[in-house]
Structures are given as structure tokens and as C-alpha cells.
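Trainee: Before I ask anything, here is the structure I am working with.
The values are calculated or read from the model by the stated rules, or taken from the named source; none is laboratory data. None of the values given here were measured: they were computed from a predicted structure. Positions of Cβ are generated from backbone atoms using ideal geometry, with glycine treated the same way; all protein chains shown enter the neighbour counts.
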Amino acid sequence: MAPTDSIARPSLYAIERLKQLCYVPLHYFTVEGCDEAVRNNNFLAKDTFTISTDNDMLSLRPMMAAKASSKPIPDEQLSFHQVMIAKSLLMEHMAAQGWPETHVYALVEFFLKMEGHKLRRLPFGEAALIIYQAEVRREWHNALSSSESGPTFNIRFINEERLDHTHFLLISQDAINKAQR
């Protein structure tokens, strides 16, 4: 019997990026991003390939794995709800791609702390958490992909000073916008 629910599948591009320990915007793991991947996969022939380089060698890759979304939404523009849904699928695919358990668990703890953070109850709190997540996760992935020895910092620890500064900037920008009206 067919499964009751369809399985959310991000694009092959997103999966290929994860295999390389690269940063992938959460948009690819949102409901909307997975729906877009399904639509795009129907248009690309499975036997269409593109040339890519890997360690100074040319290779053929399926076109579907090389095609980024035509309109990815930056993490900073996602809703908190979208981030919380996308992070689960992201971590599921990280584990499936053989990521070290320590990295996956660090990210699990990071998102758990975000989800339960006291800032969520304050005006602009969720927006500050989304921006913080986007910046720090991007920096963490960049450190992972550029370092042989692993990340240069542990993402599971929230830098409260940086998060408070982001929150302050959002509140200040709102006050400036209100004053200009």
C-alpha cells in the first residue's frame, strides 16, 4: 500500500550541497521549497547531465543536482514557523548524508534552544532569533566546509550578547520607521 502522506523531499541541489558540508538556505527544506523541487524535477530529464569540477577533476552530475532554486528565500525572511518546520527536515537529511553525529546533535540543541528562548515572548524576538540563526548557521557551515579539523565554534551555545544586539537593532529600526511616518 502507498504511504498515507507524501514524503517531503528537498531538491537534489540541496542534498548535494549538504553532502559537501555546505550551507543550504532553510528555504529548500520548507514545505514551499520541497513543493518547488517536485515541480522542477518534473521538468528536468533524469538523464540530463552537466559538467562540474571536483578536486580539479571534471565530472558529470545530474542537472537536477546542479540547479539551484530560481527564487530561494533567504533565512532572514522566513517566518519562525517555517524555520521550525524546515530545521527538522534539514537535520534528517544531514543525518542521512552521513554527517558526524556531533554536528547533527549540536544543531539539534541549537534549534531546541531557539525554540524555547525567552526572547520569543518579546516584540521582534522571533525576528531576532531568525536573523541570529541565519547568520550563525551560515558561519558555522562555512567553518565546517573550510576546516579539516571541524568547526571553529560550537553552534549549540547561543551567543546571548550577539542575539541581544540583533534584537536591539530590530527595535531601533522599528522606532526609526515609526518616527519617519
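Trainee: Under 9 Å between Cβ atoms, at least 6 apart or on separate chains: pull out the pairs that start in region 81-95 with a residue that is closer than 15 Å to R17 by Cα and end on any residue that is among the hydroxyl-bearing types (S, T, Y).
Mentor: If the second residue must be among the hydroxyl-bearing types (S, T, Y), the pairs left are L89/Y28; L89/T30; L90/Y28.
Trainee: Now for a different question. Being of a type outside the set (A, V, I, L, M, F, W, C), in a helix (DSSP H, G or I) and under 23 Å from V31 (Cα atoms) is the filter here, so list the residues in region 77-104 that pass it.
Mentor: Selection gives Q77, H81, Q82, K87, S88, E92, H93.
Trainee: Just to verify a result, which residue in region 13-42, among those that are hydroxyl-bearing (S, T, Y) and outside any helix (DSSP H, G or I), is modelled with the highest pLDDT? Before the answer, list the steps.
Mentor: Of the residues in region 13-42, the ones hydroxyl-bearing (S, T, Y) are 13, 23, 28, 30.
If we keep only those that are outside any helix (DSSP H, G or I) as well, we get 23, 30.
Values: Y23: 89, T30: 93.
Filtering region 13-42 for residues that are hydroxyl-bearing (S, T, Y) and outside any helix (DSSP H, G or I), the one modelled with the highest pLDDT comes out as T30.
Trainee: Can you tell me which residues in region 139-181 are modelled with pLDDT of 90 or more, among the aromatic types (F, W, Y) and not in a helix (DSSP H, G or I)?
Mentor: F157
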